[in-house]
1. Any chance you could count how many residues in segment 94-139 are of a type in the set (Lys, Arg) and at pLDDT below 95?
2. Mind listing whichever residues of segment 137-188 are under 13 Å from Asn271 (Cβ atoms), hydroxyl-bearing (Ser, Thr, Tyr) and in contact with a Ser or Thr (Cβ under 6 Å, 6 or more places away or on another chain)?
3. Give segment 1-18 a look and list any residue that's of a type outside the set (Ser, Thr, Tyr) and not in a helix (DSSP H, G or I), or say none.
4. In the set Arg278, Arg258, which member is assigned to a helix (DSSP H, G or I) and either free of Cβ contacts under 8 Å to residues at least 40 places away in the same chain or of a type outside the set (A, V, I, L, M) (or both)?
5. Just to be sure, is Pro138 in a loop (DSSP other than H, G, I, E, B) and surrounded by 21 or more Cβ atoms within 10 Å (Cβ to Cβ)?
6. Hey, Glu102 hits all of (1) over 22 Å from Tyr270 (Cα atoms); (2) touching an Asp or Glu at 6+ places or on another chain (Cβ under 6 Å); (3) buried (at least 20 other Cβ atoms within 10 Å of the Cβ); (4) not small (Gly, Ala, Ser) but one; which does it fall short on?
7. Please work out if Pro296 is more than 19 Å from Ala320 (Cα to Cα) and assigned to a strand (DSSP E or B).
Amino acid sequence: MAAKRFIVTGGAGFIGSALVRSILRETDASVLVVDKLTYAGNLESLKEVGVSPWAAPDYECDAPDPVPSRCQFLQADICDIGAMTAAFEVYCPDAIFHLAAESHVDRSIDGPGEFIRTNVTGTAILLQAALAYWRNLPEDGEGPTRKSFRFQHISTDEVYGSLGEDGFFTEKTPYAPHSPYSASKAASDHLVRAWHDTYGLPVLITNCSNNYGPYHFPEKLIPLVILNCLDGKPLPVYGKGANVRDWLYVDDHAAALRLVNEKGVPGETYNVGGHNERTNLEVVQTVCRILDELRPRESGKYEELITYVADRPGHDLRYAIDPSKLMNELGWKPQENFDTGIRKTVQWYLDNEWWWKPIREKKYSGERLGKSI
């Protein structure tokens, strides 16, 4: 049987690149990475697997092995219907993992328009391109078929809103987004379901908890704290640091996405969570303690850098996911808990200054975002 071909949108981003590395490491499949390379997209995150440009006109769909190397790259905007149509029709994927999105809540507060454009309009355009491609596939047989094709949409637990002190998000939890980011992702989830219910497109949806791990753009809490510690900068904690998140190591998430693609039932949603709830303050303190051990300050402890700042507008109190459906029906199990994963993460940033230093110097130096209401 011929090796599968996957399209991964947003494949140069944090979760997307982890998925691409996982596919190439654990399977014999090939991948076409589609990424606009906005501020958070970084081909350096795929350096270890090797990436070559995709020259679409050179390939024929019926060739026995039309991809000369296993990881190709197409720089394109998912809002470009021509580019997305070509990606499907020429690359002929067995499935698409759709991760391309604007993803930072603070940035969505400052500029919601780009979130609507990419996350909502872009998803609709991608669905249209996928639908046209899927309709022209053979019903069955070798290679991509209508029966085997999957459109897999990767979303967030933030679409469910905020939890109190008890309870968990499940696949049945009503949507109640509170930020422009989560509202745009909720809209994209609804679009994907609509294309399944209306047109029969075989879709899969996953909603995940907060990811962390290597190659994480340093606007997010954990890499921001690590790098601010190393630079001796203040460690900003919103409000009292009491907001709770369920943390998921990014490689465990990548494994879950591959499993859902292989075994998931079209039309179904699967929640992916780590059962690792921590307050934001606990996360910051944990990073500080690990760095006290691995790279001590010349004087004092890293916790002395903690600075409490005005809370984020509309800041949800608590997220926590129940991944029972994914675990019981598909057999997924995370390999890392928060204690093991956060130590690996801190060590990775200590060992890989080559990756994050240019970002801190040229793209994002740690300034506060999302203060406007």
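1. Matching residues across segment 94-139 total 1.
2. Correct list: Tyr160 only.
3. Listed by number, the residues that qualify are Met1, Ala2, Ala3, Lys4, Arg5, Phe6, Ile7, Val8, Gly10, Gly11, Ala12, Gly13.
4. Arg258
5. In short, no.
6. For Glu102, the failing item is (1).
7. No; evaluated as a whole, the condition is false for this residue.
Table: residues versus (1) under 17 Å from Ala100 (Cα atoms); (2) out of contact with any Pro (no Cβ under 8 Å at 6 or more places or on another chain).
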position	(1), (2)
Lys185	yes, no
Leu191	yes, yes
His196	no, no
Cys208	yes, yes
Tyr238	no, yes
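The values are calculated or read from the model by the stated rules, or taken from the named source; none is laboratory data. Nothing here was measured: the structure is a model prediction, and the numbers come from that model. Heads up, the Cβs are rebuilt from the backbone with ideal geometry, glycines too, and the neighbour counts pull from every protein chain shown.
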